[in-house]
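Contents: one structure, followed by commentary.
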Amino acid sequence: MVRLNRRQMAHRVDRKAGEKISRWRLKELLGTGGNAEVWTAADGDGSVVALKILRQIKPQSEPYQRMRSEVSALEQIGAHPGVLPLLESSLPEHPSKSEPAWLATPVAVPIREALAGTDNLRDVVSAVASVANTLASLAKVHGIYHRDIKPENLYRLGDDWVVGDFGLVTFPDKESVTAVGRLIGPTYYLAPEMFRGDVVDPGPADVYALAKTLWVLASGQSFPMPGHLSIDTELFRLSGFTAGEGLRHLDILIDRSTRVDPRARPSMIDIKNELQAWLAPSAESDGMQSVSRSVVDQVAPRFSARKATIASYERRKEIARKIENYGRARLQVVIDAVAGATGLEEEHGVTSFREAPEVAKALNTGEPGYPNFRAVAFHAPRLPHEREKRTSLVLGLAFPMDSDNNTHWFGGFVLFHDRRVAGTWLTTVEVAPAESALSEEAERKVIRQLEQYLDAALLAFVEYVS
């Protein structure tokens, strides 16, 4: 709620520097909007705040009711980490120009300004991961959803990333204040379902808006591209706007988070976890590689052969980490499709369900347990008379390591009925040994084939449990 951009300065200004609102004397205009002005203001003790002053003087008006909701939500939240706190407020029963409704918060730095001058993608991801953590916590602890997530409402306060501007917030038992037919939220960041009004689940809508925010901050653009940011559309990929490690992982996450069907999007806690996972391997890898180089440089004159071996080993460990994180994210796209079609919950793991070894064998990857093998099972509910009999559809995907002896991608569905293989739909894509183990084209071929097999596998699955 501080320095706003020029678009937000385009509205008229009703107040003047030096004017006094309650005990606060206005100092510098920070920004204006259609319904309010934001000023820095100081009291007699020298305390400085960001003062949001409402223009509307009708207490029954929508802007006034939104400020009431914002104050109510911030009072309910209290001193919550990651939230721009409410310091003071005034909501007169009969507001006037001389006695308007207002609220005060600390002066914070807008996220775009705080990130300006840095080309470090990790700073952007770290900031958005922190925001995701805050939003997930607000939903879990207070049942509060923001509904107005965009860069203009995110800030840096001291060393913390914080969420502000809760004017469109929703929480349990809140009465609707939006006029019928009015949109809720910023158009560029608005999830498709929000065009139906405020009767939809706000959680997936916040996920959608945060993914658009991540795209804008990472790409450096003023606005996000419209609609579903599909990874299959080159124009939407972050690699066209910026450079850095792990862009494809972020593209996958943004793809999933901006899907038209809100049920196909990950949860806010999933967003937080995936962004933190994106950050963690790089930090670990960077530290390990710097140590390895130092050691290698010392022994290189006498141990050149060992130097090559060490470098190869470190490279394979790095690829293994990337494969594990990348595979989990990309596989989730197909998993979501199965879960959406069947309504069943998945059981992850490479050894946690009995069919996993058979899937690994079918995929020609040997015993499961290696970082390049991922699998998930969907178990049909057992009827009382079925006892131990069960029907499962298992999705497996194996990623090649950086080795001349493993030059194939494997993927497929295996249907089990009463502990026996009842059907298989398997695909293999060969890649040249010289190619990266993370070959995008090979991965696309496997996923495309899996998607083609999905209908047949699901129909067979249903036949066995009908």
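The values are calculated or read from the model by the stated rules, or taken from the named source; none is laboratory data. All values reported here derive from a predicted model rather than from experimental measurement. Here Cβ is always computed from backbone atoms with ideal geometry, including for glycine, and neighbour counts include all displayed protein chains. Each accessible area value is taken on the protein alone, full model and side chains, heavy atoms only, with ligands, DNA and RNA left out. Shrake-Rupley method; radii C 1.70, N 1.55, O 1.52, S 1.80 Å.
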In Å², rounded to a whole number, the accessible area per residue of the range 1-128 with probe 1.4 Å is 49 Å²
Rounded to the nearest whole number, the Stokes-Einstein translational diffusion coefficient of the range 20-165 at 20 °C and 1.002 mPa s (Kirkwood radius, C-alpha pairs) in µm²/s is 132 µm²/s
Point-to-point label distance, Val48-Arg122, nm (Cα→Cβ direction, 7 Å offset): 3.2 nm
By accessible area (1.4 Å), largest first, His146, His249 order as His249, His146
Could you work out how much longer the chain between Arg196 and Lys20 gets when fully extended? Use 0.36 nm per residue separation minus the Cα distance between them, nm to one decimal. 59.2 nm
Debye intensity ratio in log₁₀ form over the Cα atoms of the range 183-256, taken at each q of 0.12, 0.13, 0.15, 0.26 Å⁻¹: -0.32, -0.37, -0.49, -1.20
